[in-house]
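Contents: one structure, followed by commentary.
The values are calculated or read from the model by the stated rules, or taken from the named source; none is laboratory data. Keep in mind it's a predicted model, so treat the numbers as computed, not measured. Counting neighbours? That spans all protein chains shown, and the Cβs are built from the backbone with ideal geometry, glycine included. Keep in mind that these areas ignore ligands, DNA and RNA; they rest on the heavy atoms of the full protein, side chains included. Shrake-Rupley method; radii C 1.70, N 1.55, O 1.52, S 1.80 Å.
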Amino acid sequence: MVNRIVKGMMGVLIFPLLLSGCLFGPEEKESAPIDPPPKQPELKEKESPDLQKDQKDSTASQDNMELYFLTDTGHVAPYSLNIPKVEGIAKEALKYMVEDGPAQSMLPKGFSGILPRETKVKGLDIQSNTATIDFSKDFLNYRDEMEEKILSAITWTLTGFESVKKVNIWVNGRPLQEMPKKKSPAQGLTRDKGINLEVAQGVKASQSMPVTLYFLGQSEDNTIYYVPVTRMINRQKNVAEAALKELIKGPQQGSELSTALAETTEINGVKMDGKTAVADFGKQLLEYSDEGKASQDAINTIILSLTENTHAKNVKITVDGKSEEVVNPQGEKGDRPVTRPKRINPVSY
């Protein structure tokens, strides 16, 4: 796979804007839950008010869920699936993340479930923005190298809901303090730890900071998808601008991922205007077609990367200070801020 996306690749993906689902379901019947240790709260399947609102909103349309899977390049990547409507949709959805589970026939070639085979979700409780999920003992049957990837997939899937900021993992009714293979913490998991973690060359851990970038992957059946990669870089004041510079640098050498931005792309500056990130680029951003239009993939990766690394809810892209210069492949001018989508990498477009 090449490391740069050719000019002809534009508009391969679109963003579905549907947020749906909840994080609750009936308890597994095949085994009785083990009482938790003293002073530990009993894990009851209960929804928070925000979560109930998520469920109510989702009933108006199809249940489109963004779940995280393993790709054939070894990355953890999101993919949106249409999950049949059942009570406890998110608990049902997590079953689709199990290896060789019901999602396998719905995924692009090269994608696979990331939770160990036969894993069952016994319970899910949301309180104070914390999701506590109880797995069957099969959850512990994983390969050493999969430990961090499994934790990332669970954390990023559940924190995709506005009502969830933190994740705790239990096994058979008891809190799992750390994973058994590499002793990774299994309590208080957040997105702050990153996903698909890598370290830039020459960076010292004590002087580093993370930025999460969105690159492009391509499956064997030519499906193009976005992959979040958290890169540790030298600490800088302007995190947004630093993230865009790393996005332009592209994936690390030897990676099978690609960047949608040419390495000659210039950044004039990035500033925050309330909850809108305004990114000003040089003319190179428009050099993806004879019509002077920006690549849709380039625009999408900019929006995803900026909103992931800042408090921005919207992104406005300008070229040499002019918003009217930015014309996407659909012929629309970028004079209005664009909101980050709720779902990416859909099954169908």
Note to self: Which trypsin sites (Lys or Arg not before Pro) in region 166-258 sit in a loop by DSSP (not H, G, I, E or B) and have at most 16 other Cβ atoms within 10 Å of their own Cβ?
What the structure shows: 181, 182, 183, 204, 235, 237
Next item on the list: Label region 167-301 by shape, choosing from rounded, prolate and oblate, from the square roots a ≥ b ≥ c of the eigenvalues of the Cα gyration tensor; if a/c is under 1.5 it is rounded, and otherwise prolate applies when a/b is larger than b/c, oblate when it is not.
Entry: prolate
Item checked: For residue 178, residues with placed amide H under 5 Å, excluding near neighbours -> 186
Check: Label-point separation (nm) for residue 72 and residue 128, each offset 7 Å from Cα along Cα-to-Cβ?
Finding: 4.6 nm
Notebook entry, point to check: What accessible area per residue comes out for region 215-327, rounded to a whole number of Å², with a 1.4 Å probe?
Noted result: 41 Å²
Check: Quick one: length gained pulling residue 82 to residue 238 fully straight, 0.36 nm per residue minus the C-alpha distance?
Finding: 52.4 nm
Check: Where a ≥ b ≥ c are the square roots of the eigenvalues of the C-alpha gyration tensor, would you call region 90-226 rounded, which needs a/c under 1.5, or, failing that, prolate if a/b is larger than b/c, or oblate?
Finding: oblate
Next item on the list: State, to one decimal in nm, how far the label point of residue 272 lies from the label point of residue 144, with both points 7 Å from Cα in the Cβ direction.
Entry: 4.2 nm
Notebook entry, point to check: Quick one: ranking 159, 339 by accessible area, 1.4 Å probe, largest first, what do you get?
Noted result: 339, 159
Next item on the list: Determine the percent antiparallel among the DSSP beta bridges restricted to region 65-259, to the nearest 5.
Entry: 75 percent
Notebook entry, point to check: With each pseudo-label sitting 7 Å past Cα toward Cβ, what's the residue 199-residue 222 distance in nm, one decimal?
Noted result: 4.0 nm
Notebook entry, point to check: GluC sites (Glu not before Pro), restricted to region 86-179: which are DSSP loop and have at most 14 other Cβ atoms within 10 Å?
Noted result: 87, 118, 162
Notebook entry, point to check: Can you work out the FRET efficiency for the pair residue 184 and residue 263, with r the C-beta to C-beta distance and R0 = 56 Å, to the nearest 0.05?
Noted result: 0.95
Item checked: Where GluC sites (Glu not before Pro) fall in DSSP loop in region 219-254, at most 11 other Cβ within 10 Å -> 220
Item checked: region 93-108-region 179-217 distance, computed between alpha-carbon centres (Å) -> 25 Å
